[in-house]
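See structure below.
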Amino acid sequence: MIKKVGIIGGAGKMGSSFKNAFENLSLDVIISDKESNNQLRLILDTCDWIILCVPIDKTLSVFNEIKSEIKPNQVFSDFTSVKSILSKEIKNCDFEFISCHPLFGPLNNFTGQNIITIPISIKNKYKEVKKIFGLLDLKITEMKSFEEHDKYMSLIQGMTHFTHVCFTTAMKKLDLDLKKVMDICSPIYQSNIAFSSRITGGDENLYTNIIMDNPKNKEVLNMYLDTSRKIFSLIESNDYEAFKNNFTDNRKYLEDHIYEMIKQSNFLVDKMAEFKKGSKETK
């Protein structure tokens, strides 16, 4: 039974969020960081569930440092956003390995947030791990492999973050009066710049590693750029019909989800309008 959880990197923002969440479930939590080797020793010696929650570029080296000391009766999870970096290292592990990816940033409440689990080797604690995530009201999606995970993340994270980085960079090059832009922006533009600002104002090391380290990203981003060039060629040639036909094709692709997504976008637009109005009133 999982009673004690150790979070390596638990002093960081994400580690701290999970520490607080686990403690709210009355689990005993020990954290360690690069300054507390004695706590790392305690985690390896006493914890039922060991979680590696360090930056992407530190994950492999820390895992290699500790993997020989993880016991067969312990369950280990990494929380890294790029899984393929561990592909060669998971062979011949005699402990239970449940790789995880929380698809959200540091939060006080996890309700409704997505988390991916990838059961690399299952013994007897996977059900408990899923039960704990369930008690935190997380939505669990199980994937079969690191390769499957990284393929989906090349769209959900790689292409999405890349698009926002390009959007902000291009906007800067236009050299328009940013205050005027913000004063006259449409709801769609406002939502776009809001999410681009979220990434621009976030952890540049995290986003750089997410984009650079996933081996699936280059293929997907090349496809994205090629698609952009083909659609732009329709504009260059004034091909109105082909451009409109692209909308029709895309609607067919999204048809099972499009109306729900429109409802969600309308909700976000309304909330942003309320926020913007409130901000002006408090100035």
One residue from 228, 233 being without any contact (Cβ under 8 Å) to a residue 12 or more places away in the chain, touching an Asp or Glu at 6+ places or on another chain (Cβ under 9 Å) and over 24 Å from residue 105 (Cα atoms): 233
Can we say residue 144 is farther than 30 Å from residue 26 by Cα and free of Cβ contacts under 8 Å to residues at least 24 places away in the same chain? no
What do you reckon, is residue 56 under 22 Å from residue 126 (Cβ atoms), buried (at least 18 other Cβ atoms within 10 Å of the Cβ) and β-branched (Val, Ile, Thr)? no
Can you work out which of the residues in region 232-250 that are surrounded by fewer than 12 Cβ atoms within 10 Å (Cβ to Cβ) and within 32 Å of the chain's Cα centre (by Cα) is farthest from residue 261 (Cα to Cα)? 232
Against the condition farther than 20 Å from residue 55 by Cβ, of a type in the set (A, V, I, L, M, F, W, C) and touching a residue at least 40 places away in the same chain (Cβ under 8 Å), how does residue 27 come out, does it pass? yes
Residue list for region 121-146, restricted to those being charged (D, E, K, R), assigned to a loop (DSSP other than H, G, I, E, B) and either in contact with a Cys (Cβ under 9 Å, 6 or more places away or on another chain) or surrounded by 14 or more Cβ atoms within 10 Å (Cβ to Cβ) (or both): 123, 125
Could you tell me whether residue 111 is of a type in the set (Ser, Thr, Tyr), farther than 16 Å from residue 8 by Cβ, at pLDDT 95 or above and surrounded by fewer than 22 Cβ atoms within 10 Å (Cβ to Cβ)? yes
Give me the residue from region 251-281 that is within 18 Å of residue 185 (Cβ to Cβ) and polar (S, T, N, Q) and, out of that set, nearest to the chain's Cα centre (by Cα). 265
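Which one is surrounded by the most Cβ atoms within 10 Å (Cβ to Cβ) among residues in region 2-29 that are of a type in the set (Lys, Arg) and closer than 20 Å to residue 98 by Cβ?
That would be 19.
The values are calculated or read from the model by the stated rules, or taken from the named source; none is laboratory data. Note that the structure is predicted; figures quoted are calculated from it, not measured. Cβ atoms come from the backbone with ideal geometry, glycine included; neighbour counts cover every protein chain shown.
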